[in-house]
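> Take this structure, written in structure tokens, and hold onto it; I'll ask about it next.
The values are calculated or read from the model by the stated rules, or taken from the named source; none is laboratory data. From a predicted model like this one, the values you see are computed outputs, not experimental measurements. FYI the Cβ positions are ideal-geometry reconstructions off the backbone, even for glycines, and counts take in every protein chain you see.
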Amino acid sequence: MKKLNYILGIIFSVFISVIALQSCTTSKAVITGKSGAQLWGENCVRCHNSPSPVDFTDEEWKTIGLHMQVRANLTKEETEKIIEFLSSAN
């Protein structure tokens, strides 16, 4: 009986983990529909105060964007949209 409860507990834990992971993924359609400004507002302020778009040059924003793509787990499309938005201020 203990072995059955143990197996059921593992199955339940895996099931809950799969559901939790699926809820963390963002569909491509949702990303595609968002502007660079929206993505910047939703992602950058999660961890720090967002600098003004005019604080950095276009080249600096590209470097920062690539760094933050890795740090913030952004997709390439999200990063490109954010960089485009930030660069538009220069």
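> Take the residues in the stretch 28-42 that are at pLDDT 80 or above, over 13 Å from the mean Cα position of the chain (by Cα) and more than 16 Å from M68 (Cα to Cα), then tell me which one is surrounded by the most Cβ atoms within 10 Å (Cβ to Cβ).
My answer is S35.
> Something else: Picking from V45, V70, which residue would you name as being surrounded by fewer than 14 Cβ atoms within 10 Å (Cβ to Cβ), at pLDDT 85 or above and part of a helix (DSSP H, G or I)?
Every option except V70 fails the conditions.
> Just to be sure I understand, how many residues within the stretch 32-76 are of a type in the set (G, A, S), farther than 17 Å from A89 by Cβ and without any contact (Cβ under 8 Å) to a residue 24 or more places away in the chain?
1
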